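Trainee: First the structure, then my questions, so here it is.
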Amino acid sequence: MIGQPAPNRLVYIDGLRGVAIVLMVIYHFCFDLSYFGLAPFDFYEDSFWLHTRTLILSLFLGLVGVSLVLAHRRRLNVRHFLRRLGLIGASAALVSLATWWMFGERFVFFGVLHFIAVASVLGVLFIRGGWLNLIAGVAVILFATRYQSAWFDTPGRRWIGLMTHKPPTEDYVPLLPWIGVVLLGIFAAPFITRWLQTHMQGLSDAVPIRWLALAGRHSLVIYLMHQPLLIGALSLFVKVTA
């Protein structure tokens, strides 16, 4: 028994988030293999790993926009929104503290959870933006990928993006250009849900989809727990085989 499925369109959205979770765990496992010297992967220069990270982030953050629409398109559920925002904010602070302990100056000061917290606040302002979200999303991405300024290299401004170089941190998801992906997710939400309802109807009971949906519904827990578990297991492996 995998759990009570949500209505079809939510099952599929959770399933897509589950796909992103699976890809993220695989990506981080490979990163950890490299960190412990068990594999020769280059996550900072190799285009394969750079593009893989971009793909995973784009899927995650696009679904942030989709989820905002599904949760609040009729009216803003303030209590639900603030509870979720507080949970994500507290989790982001925990990630910063843990990575500071592990990596020192390379700690995560504005990673994916920090971004999602800020993007959630901004995103609710655009839920009813319609085609404006498509225009704004594309414009933001094009602008942010073509313009950089040393003014944004200052520590207090690095979270915005537009830096001339990547800051020394283990995870960096700046507001620009990634808020553009969230806006595109907000724009695409009705089209995605309609397509899933039309073309994926009746598959919500399939075991792979239900497992992926389960992972998607618990994505924050998996995000917080998978790295400590992977790092702990690999640390033990290295000590045993040394």
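The values are calculated or read from the model by the stated rules, or taken from the named source; none is laboratory data. Owing to the predicted nature of the structure, the values given are computational and were not obtained by experimental measurement. Positions of Cβ are generated from backbone atoms using ideal geometry, with glycine treated the same way; all protein chains shown enter the neighbour counts. The accessibility values were calculated without ligands, DNA or RNA, using every heavy atom of the protein model including side chains. Shrake-Rupley method; radii C 1.70, N 1.55, O 1.52, S 1.80 Å.
Trainee: Using a 1.4 angstrom probe with every protein chain in place, what is the largest-first accessible-area order of MET102, MET163, MET225?
Mentor: MET225, MET102, MET163
Trainee: Under the rule that an exposed site lies in a DSSP loop and has at most 14 other Cβ atoms within 10 Å, name the longest stretch of the chain with no trypsin sites (Lys or Arg not before Pro) of that kind, not counting the sites themselves.
Mentor: 147-242
Trainee: Quick one: dipole size for the chain, taken about the Cα centre, charges +1 on Lys/Arg Cβ and -1 on Asp/Glu Cβ, in debye to the nearest 20.
Mentor: 1060 debye
Trainee: Scanning the chain for helices, which whole DSSP H stretches are 30 Å or more long along the axis (Cα) and average 0.5 or more by Kyte-Doolittle?
Mentor: 8-35, 47-72, 78-103, 175-199, 219-241
Trainee: Hey, another quick one. So what's segment 135-193 giving for Rg/Rh, alpha carbon basis, Kirkwood Rh from the mean inverse pair distance?
Mentor: Rg divided by Rh gives 1.07.
Trainee: Anyone know which of PRO168, PRO177, PRO190 comes out most mobile in the 10 Å Cα GNM of the chain?
Mentor: Maximum among the listed residues: PRO168.
Trainee: Please state the shape class of the chain: rounded when a/c is under 1.5, otherwise prolate if a/b exceeds b/c and oblate if not, all from the C-alpha gyration tensor.
Mentor: Oblate, since a/c reaches 1.5 and b/c is not below a/b.
Trainee: Another question about this same structure. Pick from PHE36, PHE110, PHE187: which residue has the top mean-square fluctuation in a GNM of the chain where Cα pairs under 10 Å get a spring?
Mentor: The residue that fluctuates most here is PHE36.
Trainee: If amide H atoms are built 1.01 Å from N in the plane of the peptide, which residues on other chains or at least 5 residues away come under 5 Å of the amide H of GLY161?
Mentor: Placed amide hydrogens put LEU175, LEU176 under 5 Å from GLY161.
Trainee: So what's the back-of-envelope 222 nm ellipticity for the chain, counting only DSSP H runs of four-plus at -39500 (n - 2.57) apiece and dividing by all residues, rounded to 500?
Mentor: Rounded to the nearest 500, it is -23500 deg cm²/dmol.
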